[in-house]
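The values are calculated or read from the model by the stated rules, or taken from the named source; none is laboratory data. This is a predicted model, so every value here is computed, not measured. Note: ideal-geometry Cβ built from the backbone for every residue, glycine included; neighbour counts use all protein chains shown.
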């Protein structure tokens, strides 16, 4: 493994920053303390900073030997999740009901370390923009930064992202061309019937049975309309109805999520859901309202950029530690908006299986969105080295 010596030397200092961020988690568009900390660190290293993109986003500009030439963006997310931390070690969350359970604290720390090195050495031709993004967890922070003019105010030819991945060994990476992570979509279906006494169902129209039948029908959309070789998920996760044992209620509500790796399959699923809702409700004499929200598109890596990332990874850890056709995840990521706007790629860095956690961790596994999760600080030198080498090698390739 070829780590950058200077970054290795800063390991403890950057880990302290990461743990400070972990102890003070902030939710989407509330990352004021975090963004102030990021901006202060960047400015202390001589990096000009622009704050306020996407409300609480931060962008630092690092010029190399010349301000002319190519430019790329490196992106990290900053927000935490609205969940209670189960860990009790010293850097556990001090904000009840808020937790860095997805490693965004570590993503921020790795990019800060890389930014410091790039600013101190500037041994590249062109410009590196370090992008610290708010509101990844369901609130479209990437889109908010783009809508605020991210790519116009900081013109770049490519953009790259990285996420820690529990279960993947420390010292390894994963990437693939094409779909890397799924789209994220939610639905709500309201069924209106006619309430009646539970002992006299013939005097009403039962929305409960309509909800039950519709939930079962929805499960056939993936199994009977989608090619079995094309990943897709449709999950009914909520059914709300009724208030008494002997009363048939007036209405019922179903909610859930849909995940796909292509927008073509998503189009088909949404269409079939609308049709199934309409016809099931009609058959059972109910009225229906169908609402479908497309939140995040699939994260689709560009082929050339994914291959370039794999090449850089292999130069650091060796070919045997890089999965360059890793299996995609049905989780979602709003970096999808960035790679829809510009060429780029999103990669995973192995976070291990949880053995790194200090005494006082929770009883659960060290998995994303789990109350016992903690980012592995051992990743900081490797992740930061990857960012530095990606920037240097990509800029050199553009100038060749």
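Values as computed for the structure displayed
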| read-out | value |
| --- | --- |
| Hits in the range 118-141 (condition: over 17 Å from the mean Cα position of the chain (by Cα) and surrounded by fewer than 22 Cβ atoms within 10 Å (Cβ to Cβ)) | 119, 120, 121, 122, 123, 125 |
| Positions within the range 192-243 being in contact with a strand residue (DSSP E or B) (Cβ under 7 Å, 6 or more places away or on another chain), under 19 Å from residue 330 (Cβ atoms) and in a loop (DSSP other than H, G, I, E, B), in sequence order | 226, 231 |
| Residue within the range 13-32 that is more than 25 Å from the chain's Cα centre (by Cα) and in the same structural domain as residue 135 (by TED's automatic domain parsing) present | yes |
| Residue match in the range 67-89 (condition: within 29 Å of residue 121 (Cβ to Cβ) and without any contact (Cβ under 8 Å) to a residue 60 or more places away in the chain) | yes |
| Unmet requirement for residue 213, which otherwise passes all of (1) over 27 Å from residue 182 (Cα atoms); (2) surrounded by 20 or more Cβ atoms within 10 Å (Cβ to Cβ) | (2) |
| Residue 289 being modelled with pLDDT of 95 or more, farther than 25 Å from residue 103 by Cβ and not in a strand (DSSP E or B) | no |
| Which listed residue is out of contact with any strand residue (DSSP E or B) (no Cβ under 9 Å at 6 or more places or on another chain), within 16 Å of residue 52 (Cα to Cα) and either modelled with pLDDT of 95 or more or outside the structural domain of residue 306 (by TED's automatic domain parsing) (or both), from 120, 152 | 152 |
| Residue check for residue 360: out of contact with any strand residue (DSSP E or B) (no Cβ under 8 Å at 6 or more places or on another chain) and either assigned to a helix (DSSP H, G or I) or on the phi > 0 side of the Ramachandran plot (or both) | yes |
| Residue 124 touching a residue at least 24 places away in the same chain (Cβ under 8 Å) and over 27 Å from residue 44 (Cα atoms) | no |
| Matching residues, the range 291-316, being within 27 Å of residue 382 (Cα to Cα), touching a residue at least 12 places away in the same chain (Cβ under 8 Å), surrounded by fewer than 20 Cβ atoms within 10 Å (Cβ to Cβ) and in contact with a strand residue (DSSP E or B) (Cβ under 7 Å, 6 or more places away or on another chain) | 302 |
| Qualifying residue in the range 158-174 (condition: closer than 28 Å to residue 61 by Cα and either outside any strand (DSSP E or B) or more than 20 Å from the chain's Cα centre (by Cα) (or both)) | no |
| Checklist (1) part of a loop (DSSP other than H, G, I, E, B); (2) surrounded by fewer than 24 Cβ atoms within 10 Å (Cβ to Cβ) applied to residue 375, failing item | (2) |
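One line per residue, one yes/no per condition, for (1) under 21 Å from residue 398 (Cα atoms); (2) assigned to a strand (DSSP E or B); (3) in contact with a strand residue (DSSP E or B) (Cβ under 7 Å, 6 or more places away or on another chain):
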residue: 89; (1), (2), (3): no, no, no
residue: 125; (1), (2), (3): yes, no, no
residue: 130; (1), (2), (3): yes, yes, yes
residue: 135; (1), (2), (3): no, no, no
